[in-house]
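What follows is one structure encoded as structure tokens, with my remarks underneath.
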Amino acid sequence: QVQLVESGGGLVQVGGSLRLSCVASGSIFSLDNMGWYRQIPGKQREFVARMAIGGLTIYADSVKGRFTISRDNSRNTVYLQMNSLKPEDTAVYYCNLFPPASQYWGQGTQVTVSS
């Protein structure tokens with residue numbers, strides 16, 4: 001049973017930084033594209049960033065230049081470095097495959113950016 005567990009969220013002021021982590025159990029991690037997503041209450045979950053197994057990265061326009069996705073296959077972990085945070089980045093952040101698989105959504109980690 002594959003599980004994805006996110007951590008690293010918290011409360012941060014505008015302009016601050018956070019680094020999210022996602023640890024994957026199971027054997028799929030090193031074989032798959034991984035992504036970060038976020039959801040604001042009452043809205044649909046949206047794509048944030050993804051990283052292919054070969055290292056190619058793609059970002060949503062809203063986070064380009066501020067967020068960086070990376071992965072450590074030896075640790076089965078994918079990261080999201082978030083800099084220059086804005087109030088509109090406030091959301092629950094999730095990791096999953098790209099494209100996402102419904103059975104792998106975890107609890108997410110809350111990021112709150114205060115002004």
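If the Cβ limit is 8 Å and pairs must be 6+ apart or interchain, which residue in segment 58-81 that is more than 11 Å from Trp36 (Cβ to Cβ) pairs with which residue that is outside any loop (DSSP other than H, G, I, E, B) and of a type in the set (Asp, Glu)?
From residues that are more than 11 Å from Trp36 (Cβ to Cβ), the pairs are Ser62/Glu88.
Taking the stated definitions as given, is Gly42 part of a loop (DSSP other than H, G, I, E, B) and open to solvent by less than 50 Å² (accessible area, probe 1.4 Å)?
So Gly42 fails the test.
Restrict the check to segment 102-112 and report whether at least one residue is part of a helix (DSSP H, G or I), open to solvent by less than 60 Å² (accessible area, probe 1.4 Å) and in contact with a Lys or Arg (Cβ under 9 Å, 6 or more places away or on another chain).
Among the residues of segment 102-112, not one is part of a helix (DSSP H, G or I), open to solvent by less than 60 Å² (accessible area, probe 1.4 Å) and in contact with a Lys or Arg (Cβ under 9 Å, 6 or more places away or on another chain), which makes the answer no.
Looking only at segment 3-39, which residues are over 21 Å from Gln103 (Cα atoms) and surrounded by fewer than 17 Cβ atoms within 10 Å (Cβ to Cβ)?
Gly8, Gly10, Leu11, Gln13, Val14, Gly15, Gly16, Ser17, Arg19
Could you run through segment 55-78 and say how many residues are part of a loop (DSSP other than H, G, I, E, B), open to solvent by less than 80 Å² (accessible area, probe 1.4 Å) and over 17 Å from Gly16 (Cα atoms)?
3
For segment 79-101, how many residues meet the condition of being of a type in the set (Ser, Thr, Tyr) and assigned to a loop (DSSP other than H, G, I, E, B)?
2
The values are calculated or read from the model by the stated rules, or taken from the named source; none is laboratory data. Bear in mind that the values here come from a model prediction, so they are computed numbers and not experimental data. Cβ sites come from the backbone with ideal geometry, for glycine too, and all protein chains shown count toward neighbours. Keep in mind that these areas ignore ligands, DNA and RNA; they rest on the heavy atoms of the full protein, side chains included. Shrake-Rupley method; radii C 1.70, N 1.55, O 1.52, S 1.80 Å.
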